[in-house]
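Input: a single structure, listed below in structure tokens.
The values are calculated or read from the model by the stated rules, or taken from the named source; none is laboratory data. Remember, predicted model here, so these are calculated numbers, not experimental data. Please note: Cβ atoms are built from the backbone with ideal geometry, for glycine as well, and neighbour counts cover all protein chains shown. Only protein heavy atoms, including side chains, enter the accessible area calculation; ligands, DNA and RNA are left aside. Shrake-Rupley method; radii C 1.70, N 1.55, O 1.52, S 1.80 Å.
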Amino acid sequence: MGEIGGLAASSAADQGFDEGRLNKIGPAMASAVESRHVSGAVTVVARRGKVVHSNVVGSLDLDAQDGKLGMNSLFRMYSQSKPVCAVVTMSLF
């Protein structure tokens, strides 16, 4: 694992993580892809500006298995204004 998004890699132990527990993330995401709950997942765990775990599994589309998912894949995020507005509204109260 190298640099991801400008963040340097580090060992899990150096950042206070249990390597065994981090290794459970990949199979959990692979299970979600196999059960077709999601088409793919990119996970990155970082602490103090150091990446300790990264994993890519699946494809860009559930139906088209030819679209490979990568660390630099782009995702569309829909309707993210509602959570932001809700937090701002609650903070005003």
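Just name the residue that is nearest to residue 7 (Cα to Cα) out of those in segment 50-88 that are of a type in the set (A, V, I, L, M) and in contact with a strand residue (DSSP E or B) (Cβ under 8 Å, 6 or more places away or on another chain).
51
Being within 20 Å of residue 75 (Cα to Cα), touching a residue at least 12 places away in the same chain (Cβ under 8 Å) and among the hydrophobic types (A, V, I, L, M, F, W, C), is that true of even one residue in segment 11-20?
Checked segment 11-20: no residue is within 20 Å of residue 75 (Cα to Cα), touching a residue at least 12 places away in the same chain (Cβ under 8 Å) and among the hydrophobic types (A, V, I, L, M, F, W, C).
Sort through 79, 91 and tell me the only one that's free of Cβ contacts under 8 Å to residues at least 12 places away in the same chain, among the hydroxyl-bearing types (Ser, Thr, Tyr) and not in a loop (DSSP other than H, G, I, E, B).
Matching residue, one of 79, 91: 91.
Which one is farthest from residue 23 (Cα to Cα), of the residues in segment 40-77 that are of a type in the set (S, T, N, Q) and open to solvent by less than 60 Å² (accessible area, probe 1.4 Å)?
73
Determine which member of the set 73, 59, 54, 91 is touching a Lys or Arg at 6+ places or on another chain (Cβ under 9 Å), among the polar types (S, T, N, Q) and at pLDDT 85 or above.
Exactly one of 73, 59, 54, 91 is touching a Lys or Arg at 6+ places or on another chain (Cβ under 9 Å), among the polar types (S, T, N, Q) and at pLDDT 85 or above, namely 59.
Considering only segment 66-88, state which residues are over 17 Å from residue 42 (Cβ atoms) and of a type in the set (S, T, N, Q).
79, 80, 81 - these are the residues of segment 66-88 that are over 17 Å from residue 42 (Cβ atoms) and of a type in the set (S, T, N, Q).
Of everything in segment 1-22 that's closer than 22 Å to residue 68 by Cα and either among the β-branched types (Val, Ile, Thr) or surrounded by 11 or more Cβ atoms within 10 Å (Cβ to Cβ) (or both), which residue is modelled with the highest pLDDT?
Restricting to residues being closer than 22 Å to residue 68 by Cα and either among the β-branched types (Val, Ile, Thr) or surrounded by 11 or more Cβ atoms within 10 Å (Cβ to Cβ) (or both), the top hit is 4.
Restricting to segment 23-33, name every residue that is surrounded by 12 or more Cβ atoms within 10 Å (Cβ to Cβ), within 24 Å of residue 77 (Cα to Cα) and not hydrophobic (A, V, I, L, M, F, W, C).
Listed by number, the list holds a single entry, 26.
Please state which of the following conditions residue 80 fails to meet, knowing it meets all the rest: (1) open to solvent by less than 80 Å² (accessible area, probe 1.4 Å); (2) at pLDDT below 90.
The number of the failed condition is (1).
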